[in-house]
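**Student:** Below is a structure I'd like to ask you about.
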């Protein structure tokens, strides 16, 4: 795999390709040899017990955590050589909101949209899509409920139009309506050509949403009858 | 890079306008320092008058430390550092943007302190050009070095004690230079002050370059 | 991020299990010998100076010590620069070892300076350009060492320390320049050798002082480096065990 090879739009190259990927947090091997292949436009559910390495895997795919052994290619970029260049092409919805509490919803979405190199119009349409225009747009993020903050973070994500979505427990803390919004966004994004990997403990809902399931345990992808073979998704 | 710097500077200043921490806490702190110096140095004995330039710049330095801490405290919230890394903003741009926003806050502080000193210590102000040049250059020096060392200390549990330990020895020449330049201006011999302005410009230039190249590696968590 | 990023090693350092080696043992013996000669020359054989009497003997260790404190500081900066450029752990640890030894020598310089100052000028401290610069160097080095002590991953610590280390050189230059300008305006008393005639045996003693102190410096840096290197080796071991343990977690659930 060459680094910086432009992504093949015909979709024959997997968006994610990991073989024996090891990621260390300090001296602790959070990922202890993960094998994973994900094709374009797939929606993948990542499940596993707490501490299995789901969050680290998502962050590693975003280029935030270095891979110290094995192969790791995301969107055609070899993460072992250059993990910075993949970052602006992915969208990560993490445990933290990634928002400035003292700024308003609109200020946050606009800032993060412009920071990602998109235009203000993208910010406006993202806020409309997430129902954040109108009364909420001028409220400081610190005053919002969890669900509203999650929606703001999502607005920042969709405004970037990332090729790979990495969602860490997107359903957590949301009411039914909020979860429906997330599912709708995910489905629309896949149709539009993006790839989505999400972790969730809301298995009923997420299994409906996902095309494939990967189970993580002890820092590796486990054999799982729901996926077939050795935990790789076809 | 400059576009990114502008985005960050605007965001930081907007944050400050919304939260008003610098205005409500840092400025009063600086004025408080001036008042405390007056208590310690007895205004009637002429010590205060002679020491005014030095006391002014010490007040600026300590208040500047607070402003710098604040500049990085806002980025410590809730996943924002990850978001910054993912945003694709050029690290050099982030450095310049944060430096600019700290510099603006410092300039406002220095002007207010100048008024405070003129009023509280009865200083008469001469040598305007040198005074202004010193303020500009010293502010550039303090904000560039402060932002660079600020990111070195950022995200650490010990950052509140580490930053002063790193920054104050480094800024000692700026304290010496700006005090001497102020003394020269106020005593009517500005020609003695300009070499100091030159030295501080070199300092600021070194740190701008260091910040532009060093900020990227420093932003990584590992 | 462990042993794979190790840089080139000296032959005598490859896989050391202790900090000693034949080379450094010889070096140590030579150093002790040189120090012995220095003591002989400095305390006994060389004459007292006219104005400063016996106190001037401190110069034989004070001046070399001051010089080496700056050498150590530069070595730290160079090590930091190479580490940032080549990602070589070896150079990073050289920077670390050098900084600690330099801090020691700086402290020594300050103390001997005070001991020299007391009989000469009657006070322990004067704000002369050189002593003040030395004190500032101490503070800068303490800052660097503080960064090395933070609780974070090795990579993070090393990178942050390296930036601080690299900046030591411009900082030292700017500090020295500003202190010099500042103090020359005031004509303060300085601990200097100006006015003292240094020749013959005194010059030779000073020269011996430089040799002995430099040897001691090198010996200390090598050993401090090795201690740091071994510490990192200990940390790096057990990765395979850790991976196996980690994978075992998954099997149970």
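**Student:** Sequence gap at least 6, Cα distance under 8 Å: using those rules, report the relative contact order of chain B to the nearest whole percent.
**Tutor:** Computed over chain B, the figure is 28 percent.
**Student:** Under the rule a/c < 1.5 gives rounded, and otherwise a/b versus b/c splits prolate from oblate, where does chain A land using the Cα gyration tensor?
**Tutor:** It comes out prolate by the Cα gyration axes.
**Student:** Taking the Cα atoms only, what angle lies between the long axis of helix B:194-219 and the longest principal axis of chain B, rounded to 10 degrees?
**Tutor:** For helix B:194-219, the angle is close to 20 degrees.
**Student:** What angle do you read, to the nearest 10 degrees and between 0 and 90, between the alpha-carbon axis of helix A:176-191 and the longest principal axis of chain A?
**Tutor:** Computed tilt is about 60 degrees.
**Student:** Now for a separate question. For peptide B:151-164, what's the mean number of Cβ atoms from other chains within 10 Å of each residue's Cβ?
**Tutor:** Mean number of neighbouring Cβ atoms from other chains: 3.
**Student:** Against the longest alpha carbon principal axis of chain B, how many degrees, from 0 to 90 and to the nearest 10, is the axis of helix B:91-120 turned?
**Tutor:** Between the helix axis and the principal axis of chain B, the angle is about 20 degrees.
**Student:** Projected area of chain B, taken from the Cα convex hull and averaged over every viewing direction, in nm²?
**Tutor:** Directional mean of the projected Cα hull area for chain B stands at 12.2 nm².
**Student:** Can you tell me the FRET efficiency between residue C:124 and residue B:107 if r is taken as the Cβ-Cβ distance and R0 is 35 Å, rounded to the nearest 0.05?
**Tutor:** Using R0 = 35 Å, I get an efficiency of 0.30.
**Student:** Give me the distance between the Cα centres of region B:134-164 and region C:135-175, rounded to whole Å.
**Tutor:** 13
**Student:** Something else: To the nearest whole number, what is the average tally of beta carbon atoms from other chains within 10 Å of the beta carbons of peptide B:2-12?
**Tutor:** Averaged over the peptide's residues, the number is 2.
**Student:** Also: Within 10 Å, count the other beta carbons around each residue, average over each peptide in A:81-92, A:31-42, C:113-124, and list them highest first.
**Tutor:** Ranked by mean Cβ neighbours within 10 Å, highest first: A:31-42, A:81-92, C:113-124.
**Student:** At residue C:85 and residue C:201, where each label point lies 7 Å from the Cα along Cα→Cβ, what is the point-to-point distance in nanometres?
**Tutor:** It is 4.8 nm.
**Student:** May I ask for the distance between the Cα centers of region A:64-123 and region B:1-39, given as a whole number of Å?
**Tutor:** If you average the Cα positions of each part, the centres end up 28 Å apart.
**Student:** Same structure again: Once you average over the residues of A:85-98, how many Cβ atoms of partner chains fall within 10 Å of each Cβ?
**Tutor:** If you average over the peptide's residues, the count of other-chain Cβ atoms is 4.
**Student:** Something else now. What nm distance separates the two modelled labels at residue C:237 and residue A:139, each placed 7 Å from Cα along Cα→Cβ?
**Tutor:** Those two pseudo-labels are separated by 5.8 nm.
**Student:** In what sequence do C:61, C:29, B:212, C:218 fall when counting other Cβ within 10 Å, fewest first?
**Tutor:** Going from sparsest to densest Cβ surroundings: C:29, C:218, B:212, C:61.
**Student:** Could you state the number of Å between the C-alpha centres of region A:144-216 and region C:219-253?
**Tutor:** 38
**Student:** Let me ask something additional. Among A:167, A:64, A:46, whose mean-square fluctuation peaks in a Gaussian network model of chain A (Cα, cutoff 10 Å)?
**Tutor:** A:64
**Student:** Measuring from a point 7 Å past the Cα of residue A:50 along Cα-to-C-beta, which residues in region A:151-175 have an amide N at less than 17 Å?
**Tutor:** Zone members listed by number: A:168-174.
**Student:** Going by average Cβ neighbours within 10 Å, how do the peptides B:48-59, C:100-111 rank, with the highest at the top?
**Tutor:** C:100-111, B:48-59
**Student:** Could you sort the peptides C:178-184, B:111-117 by per-residue average Cβ neighbour count (10 Å cutoff), highest mean leading?
**Tutor:** Output ranking for C:178-184, B:111-117: C:178-184, B:111-117.
**Student:** Here's another thing I want to ask about it. Calculate, for residue A:28 and residue A:121, the FRET efficiency according to 1/(1 + (r/R0)^6) with r their C-beta to C-beta distance and R0 60 Å; round to the nearest 0.05.
**Tutor:** For residue A:28 and residue A:121, the calculated efficiency is 0.85.
**Student:** Would you mind classifying the protein assembly as shown by shape? Square roots of the alpha carbon gyration tensor eigenvalues, ordered a ≥ b ≥ c; an a/c under 1.5 is rounded, otherwise it is prolate if a/b is larger than b/c and oblate if not.
**Tutor:** oblate
**Student:** Still on this model: Order these by the 10 Å Cβ neighbour count, fewest first: C:67, A:55, B:147.
**Tutor:** Ascending number of Cβ neighbours within 10 Å: C:67, A:55, B:147.
**Student:** Between residue C:23 and residue C:40, what is the label-to-label distance in nm when each label sits 7 Å out along the Cα-to-Cβ direction?
**Tutor:** Result: 2.9 nm between the two label points.
**Student:** Using a 7 Å offset from Cα along Cα-Cβ at residue B:118, what residues in region B:185-222 end up with backbone N under 17 Å from the label point?
**Tutor:** B:185-188
Since every read-out is calculated from the coordinates, none of them should be taken as a lab result. Just so we're clear, the structure is a prediction, and the values are computed from it rather than from any experiment. With ideal geometry, Cβ positions are generated from the backbone for all residues, glycine too; neighbour counts draw on all protein chains shown.
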